[in-house]
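> Right, I'll just put the structure down here and ask away after.
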Amino acid sequence: MRLGRGGRRRWRRRRVPLAVLAAILAALLVWTVRKALEPGPWQRVFATREGLTGGRLATGGIIRPGDRFVALPHRSALRRDVEIRYGGRALVVPVLDVGPWNTDDDYWSTGQRPAAERGRGTFRTPVNRAGIDLSDATFATLGLRDNDTVEWRFVHRGYVPLPRLAIGNR
């Protein structure tokens, strides 16, 4: 601290080198991008087969044989990618439709279970507890023979699922 004219105190500012500021900014950027690319938490829900080949998707397309996609019960999920696991198989597909029983149930963001599990539906009473619908091709690729419980989570574009490793006693 130095006394300037008139006896007033004048603080001397230390300048932070530009390289240090750039390094801090780069570290924050890397951390932010890494966090954005982390997959979301796993959801374990009952899955059903959508079918409806020839029907219209919430994204505007028409369902064709061989299309791989899922439907989740809220529009906020549209056009995002999800990884789905069933048994030893994993698949990454887009969310292209809204359903199966609801259109306003973003259970994954609220920490709740799907409303269909409680028998609540937007347009009709659910006849099963499905929290996700799978297209015919997704259903077949995962090896499902009947409606069953699957695990799913949101992932970033370009995400490649890794095979599940069997960890057990040897």
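The values are calculated or read from the model by the stated rules, or taken from the named source; none is laboratory data. What you see is a predicted model, and the numbers here were worked out from it, not measured in a lab. Glycine also receives a Cβ, built like all others from the backbone with ideal geometry; neighbour counts cover every protein chain displayed. Heavy atoms of the whole protein, side chains included, go into the accessibility calculation; ligands, DNA and RNA do not. Shrake-Rupley method; radii C 1.70, N 1.55, O 1.52, S 1.80 Å.
> For the residue pair V160 and R75, what label-to-label distance in nm results when each label sits 7 Å from Cα along the Cα-to-beta-carbon direction?
3.6 nm
> State in Å² the accessible area per residue of region 23-127; use a 1.4 Å probe, count heavy atoms of protein chains only, and round to the nearest integer.
Values: 6200 Å² over 105 residues.
I get 59 Å² per residue for region 23-127.
> Counting only protein heavy atoms and using a 1.4 Å probe, what share of the accessible area of region 88-170 belongs to carbon plus sulfur, as a whole percent? Before the final figure, lay out the partial values.
Numbers: 2360 of 4960 Å².
Of the solvent-accessible surface of region 88-170, carbon and sulfur hold 48 percent.
> Test of understanding: extend the Cα→C-beta vector of L52 to 7 Å, then name every residue of region 95-114 with backbone N under 20 Å from that spot.
Residues passing the 20 Å test: 95-108, 114.
> While we're on this one: Starting from the 7 Å offset along Cα-to-Cβ, what nm value, one decimal, do you get for the label separation of N147 and L28?
Each label point lies 7 Å from its Cα, and together they span 4.9 nm.
> Loop-only chymotrypsin sites (Phe, Trp or Tyr not before Pro) in region 100-143, please: DSSP not H, G, I, E or B, and at most 10 other Cβ atoms within 10 Å.
On the way: sites: W101, Y107, W108, F123, F139; in loops: W101, F123.
Answer in residue order: F123.
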